[in-house]
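In what follows, a structure is listed as C-alpha cells, so that the remarks can point back to it.
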Amino acid sequence: MGDATNPVASIFRPSQALSKVGPSAITRITAGTAELRRQGRQIASMHLGEPDFMTPENIVEAAIRAMRAGDTHYTALDGTPEVKSAVQEKFSRENGVHFEREEIVVTSGAKMLLFSAFFATLNPGDEVILPAPYWGSYGDIVEMMGARAVVLPTHAQDGFKLRAEDLERAITPNTRWLLINSPSNPSGAVYRKADYEPILEVIERHPHVWFMIDDMYEHIIFHNEPFVTPAQLRPDLRGRILTINGVSKAYAMTGWRIGYAGGPAPLINAIKAVLSQSTSCPCSIAQAAAAEALRGPQNSVRRYLGEYRARRDLVMAELSHCPGLKTTEPDGTFYAFVDWRPLIGTSTPRGKTLTDDDDLCQYFLQDCGVSIVPGMAFGNHGFFRISFASSEADLRLGMARIREGCAALI
Ligand code: PLP
C-alpha cells in the first residue's frame, strides 16, 4: 500500500516474492511488547522461542580462541573441515547415520538451510505438504518461492501427528516435499519410530516426493524413548531425505547463527549454489564455537533439559487451573500449544468480544500484560502458543495473569 505522506514509501514497490508475506505474528507481538515496556508496563514474556540461558563457557572460549588464532576470514562455503567433521561425528554418534563430507552443509542458521533448500528445488506450482500446526516460517518461505504450502491439519487426539492416510490423500503430481518438524514447534509432538514408519512407506510409494525433516529440538525430549530421525529408520530412502538440525536451541546459541544438514550430494550442491550467491560461508568464529558445542561436554544440554522439564510441569499445572483452556502435555520442545476454543465469543472486562486468536493475544498483551503467540501463526485457529524458554519468574507471573485473564472473561 502506498503512503501518500511519505514520498519514498509511495514509490517503493516490493517484489512479487514478498507480496504474500507480511510481518510474522511473532514480530508483531515482539513490537507490541517492546512498546508497552517503553511505556513503563511490566510484561511477562512468554512468546519468544529462545532459551534464556547463557551459551556454555567452553563454547564461548572456543570462539575466543578462534578469534585469537586468526580464524577471522572466509571459510569453505559449506563449513570448515573442523565443523563438518563435528557434524559428521554428531550424526553418527547420536543418530546412527553416516553422511559423507559432500553430504553435509553448515549454514548461517537452520532457517537459511530451509530457505536455500526450497530456493534450490521449488518452482511456481510446486507443492510442499506441511502438517499443521507448523512453524510459521515454513509456509512463508514456500510462498516466497511462488510454490504452494499444502496445509494438512493434524488433531490433538493423534497427538498432533500426521496420519499416513492423510498424507497419501494430499500427494499430487506437483508435490515436491513433505516437511515434518519433530519435536514440533509449536505442539511439542515428538514422532516415534511407529509414527514415522507408515509415513515413510507412503514416501517410498511416491518417488517424486522428498522428505525434509527439521530435528532442531532433538535434545529437548521429556519421554524416555530414544530420539529417531527418518534417515536412520530408512537408509534406503536417504537419497530423498534432507535432515536439518542446528545449535540454536540445544546449546542456547540462537545468536551465533549456525545450522547444519545432511542429505544427498546433488541437493547439498544445489544448496551450496544458493549460499554462494547469498550468505557465502557462515561466520568463521561461530563455526569454531559450533564445533566445540557438538564435540565438547554435553552436560549443559542435560541441565537445560531438567530446567525445561520443571518449567513445563509448572506451566501444565497452572494451565489446569485456567477456565476454558485445554492442552496436551508436550513431549518435547519448550512450547505448549493451548486450545482456547471454549472461550471464543466471550467478552473482556472492557467489552471486546474475542473472535479470533489475534483478539485473544491482544487482550492478554494489552489488558493482562503477558505475551503469547496466536495459533493462526502456526496454521491452527483457536489455539495459542506459550513458550517456556522464558525465566521461571516470567512464567509464574505470566501464568497467573493468564489464569486471571481467563477468569475475567464473560
Ligand atoms: N526450525 C524450527 C522448528 C524453529 O523453531 C527454529 C527457530 O525458531 C528454526 C528452525 C531456526 O533455527 P535457527 O536459529 O538455526 O535459524
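The values are calculated or read from the model by the stated rules, or taken from the named source; none is laboratory data. Bear in mind that the values here come from a model prediction, so they are computed numbers and not experimental data. Cβ sites come from the backbone with ideal geometry, for glycine too, and all protein chains shown count toward neighbours. Areas reflect the complete protein model, heavy atoms only, side chains present, ligands, DNA and RNA absent. Shrake-Rupley method; radii C 1.70, N 1.55, O 1.52, S 1.80 Å.
Details
- Of the candidates 222, 227, 211, the single residue that is within 16 Å of the ligand (Cβ to nearest atom) and open to solvent by 10 Å² or more (accessible area, probe 1.4 Å) is 227.
- Residue in segment 375-387 that is in a loop (DSSP other than H, G, I, E, B) and over 22 Å from residue 22 (Cβ atoms) present: no
- Residue 335 being surrounded by 22 or more Cβ atoms within 10 Å (Cβ to Cβ) and under 28 Å from residue 61 (Cβ atoms): no
- Members of segment 263-301 found to be away from the ligand (no atom under 15 Å from the Cβ) and touching a Leu at 6+ places or on another chain (Cβ under 9 Å), listed by number: 263, 264, 267, 268, 272, 276, 280, 281
- Tally, over segment 85-100, of residues that are part of a helix (DSSP H, G or I) and either β-branched (Val, Ile, Thr) or under 17 Å from residue 288 (Cα atoms) (or both): 6
- Residue within segment 97-111 that is acidic (Asp, Glu), over 25 Å from the mean Cα position of the chain (by Cα) and open to solvent by 20 Å² or more (accessible area, probe 1.4 Å) present: yes
- Against the list (1) in a loop (DSSP other than H, G, I, E, B); (2) farther than 24 Å from residue 304 by Cα; (3) within 14 Å of the ligand (Cβ to nearest atom), the condition residue 242 fails is (1).
- Residue ID - most open to solvent (accessible area, probe 1.4 Å), chosen from residues in segment 131-145 that are in a helix (DSSP H, G or I) and either of a type in the set (Ser, Thr, Tyr) or assigned by TED's automatic domain parsing to the domain that holds residue 381 (or both): 137
- Screening residue 154 with (1) more than 16 Å from the ligand (Cβ to nearest atom); (2) free of Cβ contacts under 8 Å to residues at least 40 places away in the same chain gives one miss only, at (1).
- Within segment 250-282, the set of residues being farther than 18 Å from residue 104 by Cα and open to solvent by less than 30 Å² (accessible area, probe 1.4 Å) comprises 250, 251, 252, 253.
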